[in-house]
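The values are calculated or read from the model by the stated rules, or taken from the named source; none is laboratory data. Nothing here was measured: the structure is a model prediction, and the numbers come from that model. No Cβ is skipped: glycine too gets one built from the backbone with ideal geometry, and neighbour counts run over all protein chains shown.
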Amino acid sequence: MNAALISLGSVSSKWTFEAMQKYFESVDDIDLRELEVDLGGKKHVVLHNGKKMKDYDCVYIKGSFRYIQILNAVASSVFEKAYTPIEPKGFTIGHDKMLTHLALQRENIPMPETYISASPAGAKQLLEKLSYPIVLKFPSGTQGKGVMFADSYLSAASILDAFSALNQPVIIQRYVETGGKDIRVIVVGDKVAAAMERQAVEGEKRANIHAGGKGQKVTLDYKSKELAIKTAKAIGAEVCAVDLLKGKDGTMVIEVNLSPGLQGITDATGINVAEKIAEYLYESAKKFHGENAQLSEKIAKAAGLSDSAKTIVTKVQLNRSRIVLPEIITEISGLRKDDEILVSAEKNCIVVSRSKEVKDKKD
């Protein structure tokens, strides 16, 4: 099987690429910034350095929130024919804190008390109703960037005045006292691959490693593991990081990261997280293509097709209420424009074949 890692080329991505090479026959390391998506045809096509990107059995896509549109478009293009650990919608949800909170709320996943305002001006109206301290966030941002803490109404109002120049929506969240600690969990499939407790440095409330936080290995209880896995599923990601807080009201989710750094958690836990991700990608890709092949065989038998018939699994594409067949089916059939064909249909089944007269002429 062949695979592609699409990323921005971070150290963590390089580790993952090297680990993937141990499992897949070939792996291409593709820079996300070298991709374009052609939206001019009936379906969008991913271009790599101006040429159509080749097909892969597995595509692992990573990238910053700054590239949400291209991440979503690329994932949408490859999602049905290659195994991808993050659904297209996952990039939109996971890179937007507001959408993440809404997705988690739908699944009854515990979070700190959270408010969303369309603008800093509107957020000011909430300040008098809140108890302090509070956390103020931008919808986008990673590594603790765009996160501010306010211990009073005056400090919160001052921060919002600064935010107003950027004219962005604002998230206001109750501050959960944990002594400057949080827990970073790496979820891979339906398991926790690694977890570390992060401690913020003195004078800093953010425990992120990039903000100077220190990490150490931690053993999660069953409920915390289940919470992290459920969170990943809620946003459509099989590989991601989930950040937890353990406060007096129990364990809560504060954030999800679709492209987490691996250096800190690898050093803290001694676990080769990149290796676990690569192995999971390989096994999942085998399962993905194996299940599709089995389903194709069942479809062929149900339709009464010969053993030599090639079948694929795809979704129905309509153009003005007319079914459009995938290009590969046209190639396999050998049918050409203006060929005389026989079409028979019944519920949930369509059979297309060249008419006998045309066959006889060709023979």
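Listed here are the helices (runs of 4 or more DSSP H) enclosed by the stretch 54-149 that have at least 2 residues being under 23 Å from T16 (Cα atoms): 68-78, 88-94. Of all residues in the stretch 49-61, which are buried (at least 22 other Cβ atoms within 10 Å of the Cβ) and out of contact with any Leu (no Cβ under 7 Å at 6 or more places or on another chain)? If the condition is that a residue be buried (at least 22 other Cβ atoms within 10 Å of the Cβ) and out of contact with any Leu (no Cβ under 7 Å at 6 or more places or on another chain), then Y56, V59 are the ones that fit. The strands (runs of 3 or more DSSP E) found entirely in the stretch 235-330 that carry 3 or more residues being at pLDDT 60 or above and within 26 Å of L5 (Cα to Cα) are 239-247, 250-257. Does any residue of the stretch 116-134 turn out to be among the aliphatic types (A, V, I, L, M) and in contact (Cβ under 8 Å) with a residue 60 or more places away in the chain? So far as the stretch 116-134 goes, no, none of its residues is among the aliphatic types (A, V, I, L, M) and in contact (Cβ under 8 Å) with a residue 60 or more places away in the chain.
On inspection, V343 passes the criterion of being at pLDDT 70 or above and either in the same structural domain as E80 (by TED's automatic domain parsing) or not hydroxyl-bearing (S, T, Y) (or both). The number of residues in the stretch 346-363 that are modelled with pLDDT of 75 or more and touching an Asp or Glu at 6+ places or on another chain (Cβ under 7 Å) comes to 1.
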